[in-house]
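Undergrad: Pasting in a structure now, in structure tokens, and then I'll have a few things to ask.
What follows draws every value from the coordinates through simple rules; no lab data is involved. These numbers were taken from a predicted model, which means no experiment stands behind them. Neighbour counts are summed over all protein chains in view; Cβ atoms, including those assigned to glycine, are modelled from backbone coordinates with ideal geometry.
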Amino acid sequence: MELDDRFADASEFPTSVEVKLADGEMLEQTVPLAMGKLARWMSRSDLKVKFGDCASAAMGTRQQDAVFNRLVEMDSNVACERLFAGLRDSGAMDISATAVRSG
């Protein structure tokens, strides 16, 4: 891995990969903007795969599905109590001691 001077001042994590084939041909692919940035947002299915990959060490598939479905609802005016209930009911985490203040 080498630092590429073309990206020295970049703030959005551009990446370039070069591959040299057996016949000597060089192929290069540059991605100027990392996946997940606002201008290159991930689809719901991509987000679910990413979430599952990150959460697999902490919870099983059933729990991942329950937690993911609750989390994607957060941008839709769903009460936090419903999110917490879903997390608790899925067995994904013990939040029984968590107090929620409304106010």
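Undergrad: Any idea how far apart ARG40 and MET74 come out in nm if each label point goes 7 Å out from Cα toward Cβ?
TA: In this crude spin-label approximation the distance works out to 2.4 nm.
Undergrad: While we're here: Exposure proxy check: PHE68, PHE7 ranked by fewest other beta carbons within 10 Å? Kindly include the intermediate steps, with their values, before the conclusion.
TA: Details: PHE68 19, PHE7 15.
Final ranking by Cβ density, sparse to dense: PHE7, PHE68.
Undergrad: How much length is gained on full extension from ARG6 to LEU33, taking 0.36 nm per residue of separation minus their Cα-Cα distance?
TA: Full extension of this stretch gives 8.4 nm more.
Undergrad: Need the full-extension length gain, ARG88 to ALA22, defined as separation in residues times 0.36 nm minus the C-alpha distance. One decimal, nm.
TA: 18.3 nm is the gain from fully extending ARG88 to ALA22.
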